[in-house]
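The values are calculated or read from the model by the stated rules, or taken from the named source; none is laboratory data. Because the structure is a prediction, the values reported are computed rather than measured. Please note: Cβ atoms are built from the backbone with ideal geometry, for glycine as well, and neighbour counts cover all protein chains shown. All accessible areas refer to the heavy atoms of the entire protein, side chains included, with ligands and DNA or RNA removed. Shrake-Rupley method; radii C 1.70, N 1.55, O 1.52, S 1.80 Å.
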Amino acid sequence: MTEKVGGRPVHGDGAVRPRTPEPKKVLMVPLDPVHDVGLKLIRRALSQRGHEVVLLPPDLPPEEVVQKAGEIRPDCLLVSRTISYGTAELLARFLDLLDTAGLRDKMRVAVGGMSIRPELAQEMGFDAGFGPDTTVDDAVAFVEDREFQGTRARRKLSKPDLTEGFSYRFKDEEIGCLCHEVAQELLSWAKERTSPGVLRAEIREEMERARKEGRQEEVSRLRDEYARLTGDEILRFYREGTPVSHTRPLTPPEARAFSDLEKTAGDGDDLTCPASADVMGNRVVFVQYGTGCPLVDSYHIVLSQSWGARGVVHFDPSWGARQEGLLEGTWSHQHDGTVITLDNLQLIKKYILPWTLWQVRAHRGLNTPETVVLAALAGADLTKVNMVYGSLAAGTDPERLCVDGVKCLELAARFGLPYDVVTNEELAGVPAAKAFAGMLVVMTAGVLSGGRPILQPLFARSPEAIINGIMDEDFVDFNAAKMMVLADIVDAPVWPGAPVGFLTQSQDRVQSSTMTALHAALALHLGSRAVTIASSDEAYAGGPITGASRVDSLKSVAAALRFFGQTKITPSPRAASLREKLREDILNTLKSAVAAGSLVDALYAGVFGSREDGAYPGRAGRGTVTKRS
Amino acid sequence: MNGKNLTPATVGEKLRPPNEGDRDGAPIAVLGIAGTAKNTGKTTALNQVIRYLGDQKKFFAVTSIGFDGEDFDTVTGLGKPRVFVPEGSVVATAQPLFRLAGAEFSGVRDTGVRCALGRVLAGRVKKAGRVVLAGPATTRGLGEVIRFLRETAGVELVLVDGAFSRVAPMCLASHLIVATGAARTDDVPTLAAEVTGIGTVMSLPVLDLGAERSCPGSSSPAASPRGTWAQELSGAHKYPWEVDLGTGLIARSAVPTGVALVRRIAREGVLTVHVPGPVNPSALEEFARVLEDKAPALRMRFVFDHPLNLLVSGKASSWPGILAALTERGHEIAVMKSTTLLGFTLNPFKPAFQESSGRYRAEYADAAWFLKEVRSRTGLPITDIVLEGPSLLESWVTRVISAIGRCRA
């Protein structure tokens, strides 16, 4: 059944509901001048299920309703009323009338309407309260005195495997061959090389194993060994305990606040906005967090999950990508990005619901292999790897990141962590075709390493599109062409991001939410398994991202998904020509990469993005790669 | 069937003033804190009562018929006072709210009662702290929770926090404090009239059931006349002498049927009419007027279950005039049970809605002037505990503690 109450989308899972044990007598009362639409919807559902329903005309005085209730003696009484200060008093008075008339104990009474929340219903004296996100199923379940079907369904939610059912078989053999050639060369090349990042990852893994087994002396020895491989600032932390600039340890009040949050976070049974969550269904909408404070991050995670997010992405500080080495302990960072330590990740993990996918990114910087190790140890579900993006648009030396990246692919495969291969170099100006070529090479290397990569095309108004007027007509065709060309090339999962809608959003929260929602709906309707969204203030936040903005975006996405339903979004014929052009450019990029001799050389040579495009091979970690002994 | 077959009522013999501590012999006091509206100061009064009981080392249980102790008002969004409970006290609240409490509990058990937020559990406070209260919404539910607290936790004093202007479950309270103030209305004459109306209703005399039951000719229900409001009831009545007006007297439209029923039974003398449900002042006035018109020789003794049944429909301020007029015309008014009204607390705060922002803003009447004016117009015990301090409130609580002592003795 697909119904709506109060103008909101509702449960539509088509689930077979249990038989009603016995028909109920239900009295419906719109204590309101006109608003009985919701009650009529519920009446239809109840009648279909064999219940006897009496709907009174709107706006009767409470005394008359009580008299009717005395005559009819219903099992349930459903009241609808929009709440304001005075009307809440009126409803409370109505319940007093029922109570003193001796009717209250013989019937269950619920109220529905805008502004109704369970707490307010409780305060007014009702047995239940149904707000604007209530479904018809909620009301039917209340009448039948059974647990809400949707809640049970949500309890059965499990973590989706975004890579399930994909063969990674290249449908475009020409492109597939070229990808294999570049990828195999990369893996062979990297096999003989190592870096401080690779070594630290190996030490960290061993150190955590020793810590778990209580071998403290071994932990100390490994810690010293680890410290010798770190940069100046991190070394001072390990040697002297000096905090890295703009970080501080979490304080006791913050630890207590974590404890309080643990009490309120719940286990997902009491989602604030179940209807949003229902509409999202198994479509995984990721949100990003990384305020710098693990506590605030946890609040954002709890909030986002309550409003339908099924995935969360951990953002770390940009300095973490330039420093050799990671910290230990629980740390707060005074700027964007939350410090990656095992302790911080384990704190945050407590607030992630069993069905929420958790991604910890390892796609740039000098600590990517260790990040994968920590992600796996903390229980993350996904990571993020792309040496091409990290080299060309995130400041890491290509040679170094290719060595570290291949280690990430191995580790991700060993830990069973799928990962997306992000293409945000498009935001720097790299054409989509070049970014896609790099993504396909990394994907191929990942598959050859035994991993499960996920393609992450950028759904945005990229500089390439702006400069060349590709999206002047609309924001659909180019994004659709990206999805189409990837589907033409390879049977692999796609998860657009990150986040969708970049450079289409403005400071206006309504506009920003709308753009996010339309991009997310487009991506999900074009066959992607997941999508990453920003909060409505994220693109232009001059300060902390607010919870309200997160809700804006999640609600907007739910509304857009409800709006389109099962309708297919059909791009214009222009998308097909854009797809052809993309395919041709991807092919040419890969040919150039093969001609360059290796991925590393191709990266330095600008094959996957030149300085003219806006790509600059990074310098962090240059000269640190060594041959394995 | 006529009035001569009924046991006549003799004023004075069977009526007595509201009594303290007589709750079916149970050695437990229930102190209700009701309000005439939301934001009239119930939580502030509750906190003062809790603090005073803590100072007196008097252990108690606390629950709510609504939702209280939250950070922000569920309607206005304005900040609200929090509720703190001392070690040793017992709290009955909804299961999810135990999770939110700053206080820590031991021996948490299910009372068997549900509310909109889940099962109502009760636990003893082992570490003092903040609680959010949400308890039974109905009279029956509150009764079950009180019984649970008495039988399972051995509690002698239960505090019941009210919600909005809801009073019905407070009929189980032995003592009542009523919070009122500018949030109800900042028009002093209107507010004072309502306070007077509540005071008048709460002082209605209680029918002595023992004397009534022992009246000759009333021992056999089968031999007794009875009627119902709109139709004959098949179920057994509690009191064989009564004319039972069904589920109350709340609509003028139903008056003719009720009058016809009464006239079938009696046309002269004094007829006792039991009205077990809610009573609307206008409906009762109309009932008496029509009856006097149709049966001028008949006098009525209206018996209501509880004075609070007269405060759930219509304006409380109407009652003094209506009751006085009925008495003047020879009718009598009584209740089956009552609750001792200890007094009123007055709060100058009111939430004011701002159209421009769509939000509420806190506004205050001049506290001293407000209290002086309301007090002078009512002559009832009334205090602003923020302005005057808690001494008067504490004297009320002392009366409750004394009542427990008398019951125990």
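Counting only lysines at least 8 places from A:LYS350 when in the same chain, those with an alpha carbon closer than 20 Å to its own are A:LYS156, A:LYS159, A:LYS212, A:LYS263. The calculated FRET efficiency for the pair B:ARG252 and A:ASP145, based on their C-beta separation and a Förster distance of 30 Å, comes to about 0.25.
Among the listed pairs A:LYS555/A:LYS581; A:LYS568/A:LYS591; B:LYS126/B:LYS337; A:LYS171/A:LYS434, which have their C-alpha atoms separated by more than 25 angstrom in this model?
Violating the 25 Å Cα-Cα cut-off are A:LYS555/A:LYS581; A:LYS568/A:LYS591; B:LYS126/B:LYS337.
Here's how it looks for A:GLY112: its modeled amide H is under 5 Å from those of A:VAL79, A:SER80, A:ARG81, A:PHE130, which are all 5 or more places away or on a different chain. Computed from backbone phi, the HN-Hα couplings of the stretch B:49-57 come to 4, 4, 4, 5, 5, x, 4, 7, 6 Hz, rounded to whole numbers (Karplus: 6.51 cos²θ - 1.76 cosθ + 1.60, θ = phi - 60°; Gly and Pro given as x).
Computed from phi, the 3J(HN,Hα) profile of the stretch A:583-595 under the Karplus parametrisation 6.51, -1.76, 1.60 (θ = phi - 60°) reads 4, 5, 6, 4, 4, 5, 4, 5, 4, 5, 5, 4, 5 Hz, with x in place of Gly and Pro. Averaged across B:132-145, how many Cβ atoms of other chains sit within 10 Å of each residue's Cβ atom? That average works out to 3.
For A:LYS68, a cut-off of 18 angstrom between C-alpha atoms picks up these lysines, skipping any fewer than 8 places away in its own chain: A:LYS24, A:LYS25, A:LYS106. Taken per residue, the accessible surface of the protein assembly as shown reaches 38 Å², heavy atoms only and a 1.4 Å probe. Across the stretch B:325-330, computed HN-Hα scalar couplings (Karplus, 6.51 cos²θ - 1.76 cosθ + 1.60, θ = phi - 60°) run 5, 5, 5, 4, 8, x Hz from first to last residue, x flagging Gly and Pro. When only alpha carbons are used to place a centre, the stretch B:325-370 and the stretch B:293-308 end up 27 Å from one another. Per-residue mean of foreign Cβ neighbours for B:89-100 is 2 (Cβ atoms of other chains, 10 Å radius). For a straight C-alpha distance cut-off of 25 angstrom, the lysines reachable from B:LYS372 (same-chain residues fewer than eight places away being disregarded) are B:LYS38, B:LYS42, B:LYS315, B:LYS350. Translational diffusion of chain A, estimated by Stokes-Einstein from the Kirkwood radius over alpha carbon pairs at 20 °C in a medium of 1.002 mPa s, is 81 µm² per second. Interface residues of the stretch A:103-117, defined as a loss of at least 50 Å² in heavy-atom accessible area between the chain alone and the complex of all protein chains with a 1.4 Å probe, are A:ASP105. Which of the three applies to the stretch A:489-629, rounded, prolate or oblate, going by the alpha-carbon gyration tensor with a ≥ b ≥ c and a/c under 1.5 meaning rounded? In terms of gyration-tensor shape, oblate. Within 10 Å of the Cβ of each residue in B:252-262, the mean number of Cβ atoms contributed by other protein chains is 1. The angle between the Cα long axis of helix A:398-415 and the longest principal axis of the Cα atoms of chain A comes to about 50 degrees, rounded to the nearest 10.
As an exercise, use a Förster radius of 30 Å and the Cβ-Cβ distance of A:ASP491 and A:ILE467 to find the FRET efficiency, rounded to the nearest 0.05. Mind showing how you got there, number by number?
Details: r = 32 Å, r/R0 = 1.08.
Computed FRET efficiency for A:ASP491 and A:ILE467: 0.40.
Name the longest site-free stretch of chain A, where the excluded sites are trypsin sites (Lys or Arg not before Pro) in a DSSP loop with no more than 16 other beta-carbon atoms within 10 Å. It runs A:351-567. Heavy-atom surface analysis with a 1.4 Å probe gives the protein assembly as shown a carbon and sulfur content of 51 percent of its accessible area.
What shape does the stretch A:248-577 take by its C-alpha gyration tensor, where a ≥ b ≥ c are the square roots of the eigenvalues and a/c under 1.5 counts as rounded, a/b above b/c as prolate, and the rest as oblate? Verdict is oblate for the stretch A:248-577. The A and B chains share an interface that buries close to 3400 Å² of accessible area, total over both sides, probe 1.4 Å. Taking amide H as placed 1.01 Å from N in the peptide plane, A:PHE502 has its amide H under 5 Å from the amide H of A:ARG461, each at least 5 places away in sequence or on another chain.
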